[in-house]
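Participant: My questions all concern the structure below.
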Amino acid sequence: MANIRIHNLQKSFGNTPVLRGVGLDIGDGEFISLVGPSGCGKSTLLRILAGLERQDQGEVHLAGRSMDALPPSARDIAMVFQSYALYPHLTVRENIAVPLAVRRLNRWQRLPVVGRWWPGSSATRHAIDGEVSAAAKQLDIAHLLDRKPGQLSGGQRQRAALGRALVRRPAAFLMDEPLSNLDANLRVQMRSEITALHRQLGSTFVYVTHDQTEAMTMSTRVAVMMGGELLQVGTPAQIYFDPVELRVAEFIGQPQLNTLPCERDAQGRLRHHGQLLGLALPSAGPVGQRVTLGLRPEALRLAPVGRLGLSCQVSGHEHLGSEVLVWLTLQGSEHRLVLRCDALAALPARGETVGVHVEAARALAFDAQGQRLPVEAQPHV
Ligand SMILES: Nc1ncnc2c1ncn2[C@@H]1O[C@H](COP(=O)(O)OP(=O)(O)OP(=O)(O)O)[C@@H](O)[C@H]1O
Ligand SMILES: [Mg+2]
């Protein structure tokens, strides 16, 4: 069992609070991604889990055992960094062997020349070599073991860094943006390799990224962090389709969520600049209540200009291969919206006036504080 329990972690650097009471339960064998904008405290949280940083308050438990007094080496956790952190003067073989050598050989046995003749070292070295070779084979870098990091590509370096974590056979892996130095194609490839590795090992993975595609495609759960707080923790589908607040909805999704300021009318219907949208709020609230409507590009459909729905002018297209993003400007409010169309469908020309229909089932509504409000199709239409 390698579940991780994080309870009320707080950390400040000087007077700046960086973690403001973070709590999270990570299940044994789970792959959880931590996403959030730059500076929100992701690396700090990971470094506290690894024991590289000390929290001001709160606790970390691994498999039911408190980690707080343990140094990094005693935590049964391996960390993989964005910068690889390989020793440049050592070969890949020696780099991967480092954690095993530190654990199993004494100071004299570790010396390059003396160590070879030191009693007891040869059998241990042989065993270490076997484990390094097995990890290298698993990561497809067996042919690179005698090279130095400087003679490797970015992807190969990242594999070597993974190898060094792998040989420790830790209960949990912590990864801090391990793919962010790689080019787009290699990232996609390494993404599936890391997922495969997770399935093979069955260990707990905590993966920090600010690439939401990585988080959404690789993880069993995603934790969205902002300003030192966890805003929401859930499956990728929950985070995308059922965000608890506007900040989460705006952070997740590519292209970004469309937002539309609206007001509640006397019948509970939503109006944008007086225009009805075909949506209503089932909950009670004051007339004139300000509501932000969150509309993913797929919650909008082109429709004939009509009484319900929005009247827009097409301001541009963005071809993405199988689909096209159509950019629109709302008539009256000059608000910008984007929706997705099939690349093979007939597209309205730039400058053309079109109607846009909002799919009530996919619409998200938020109150003035950004908290989620239930919304439904306007009754009696
Ligand atoms: N050792 C330190 N001393 C002072 N401030 C620090 C230290 N480490 C981090 N910080 C600050 O704490 C905040 C959170 O940093 P952290 O590295 O955890 O962010 P992050 O979410 O990992 O960001 P990024 O996505 O850019 O890596 C930042 O404002 C950063 O400047
Ligand atoms: Mg970071």
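The values are calculated or read from the model by the stated rules, or taken from the named source; none is laboratory data. Here the structure is a predicted model, which means the values were calculated and not measured. Heads up, the Cβs are rebuilt from the backbone with ideal geometry, glycines too, and the neighbour counts pull from every protein chain shown.
Participant: Can you name every one of the helices (runs of 4 or more DSSP H) wholly within segment 109-176 that holds 1 or more residues which are buried (at least 20 other Cβ atoms within 10 Å of the Cβ) and either modelled with pLDDT of 85 or more or among the basic types (K, R) (or both)?
Facilitator: On the way: elements: 114-117, 121-138, 154-166.
Answer list for segment 109-176: 121-138, 154-166.
Participant: Moving on to the next point. Quick check, is E318 surrounded by 14 or more Cβ atoms within 10 Å (Cβ to Cβ), closer than 20 Å to L330 by Cβ and assigned by TED's automatic domain parsing to the domain that holds L364?
Facilitator: Values: surrounded by 14 or more Cβ atoms within 10 Å (Cβ to Cβ): no; closer than 20 Å to L330 by Cβ: yes; assigned by TED's automatic domain parsing to the domain that holds L364: yes.
No; evaluated as a whole, the condition is false for this residue.
Participant: Look at L293 and say whether it is closer than 19 Å to R372 by Cα and either aromatic (F, W, Y) or surrounded by 15 or more Cβ atoms within 10 Å (Cβ to Cβ) (or both). Give the derivation first.
Facilitator: Numbers: closer than 19 Å to R372 by Cα: yes; either aromatic (F, W, Y) or surrounded by 15 or more Cβ atoms within 10 Å (Cβ to Cβ) (or both): yes.
Spelling it out, L293 is indeed closer than 19 Å to R372 by Cα and either aromatic (F, W, Y) or surrounded by 15 or more Cβ atoms within 10 Å (Cβ to Cβ) (or both).
Participant: Which residue pairs have Cβ atoms under 6 Å apart, sit 6 or more places apart or on different chains, and have a first residue in segment 191-211 that is within 16 Å of ligand 2 (Cβ to nearest atom) and a second that is modelled with pLDDT under 95 and among the acidic types (D, E)?
Facilitator: Listed pairs, sorted by first residue: V208/D176; V208/E177; T209/E177.
Participant: Report the residue count in segment 6-18 for those that are free of Cβ contacts under 8 Å to residues at least 24 places away in the same chain and away from ligand 2 (no atom under 16 Å from the Cβ).
Facilitator: 2
Participant: For segment 19-41, state whether one or more residues are more than 28 Å from S192 (Cα to Cα), modelled with pLDDT of 95 or more, surrounded by 21 or more Cβ atoms within 10 Å (Cβ to Cβ) and within 16 Å of ligand 2 (Cβ to nearest atom). Break it down into steps so the answer makes sense when it comes.
Facilitator: Taking segment 19-41 and keeping what is more than 28 Å from S192 (Cα to Cα), we get 19-23.
From what's left, modelled with pLDDT of 95 or more: 19-23.
Still in the list and also surrounded by 21 or more Cβ atoms within 10 Å (Cβ to Cβ): 19, 22.
Subsequent filtering for residues that are within 16 Å of ligand 2 (Cβ to nearest atom) retains 19, 22.
Yes, segment 19-41 contains a residue that is more than 28 Å from S192 (Cα to Cα), modelled with pLDDT of 95 or more, surrounded by 21 or more Cβ atoms within 10 Å (Cβ to Cβ) and within 16 Å of ligand 2 (Cβ to nearest atom).
Participant: Contact list please: Cβ distance under 8 Å, first residue in segment 24-52 and of a type in the set (V, I, T), second residue assigned to a helix (DSSP H, G or I) and more than 13 Å from ligand 2 (Cβ to nearest atom), pairs at least six apart or on different chains.
Facilitator: V35/Q212; V35/A215; V35/F251
Participant: Here's a follow-up. Would you list the strands (runs of 3 or more DSSP E) that sit entirely within segment 7-81 and hold 2 or more residues that are touching a helix residue (DSSP H, G or I) at 6+ places or on another chain (Cβ under 8 Å) and within 16 Å of ligand 1 (Cβ to nearest atom)?
Facilitator: So the answer is 16-26, 31-35, 77-80.
Participant: Still on this structure: Can you name every residue in segment 208-251 that is over 8 Å from the mean Cα position of the chain (by Cα) and within 13 Å of ligand 1 (Cβ to nearest atom)?
Facilitator: Residues satisfying the conditions are M225, M226, G227, G228, E229, L230, F251.
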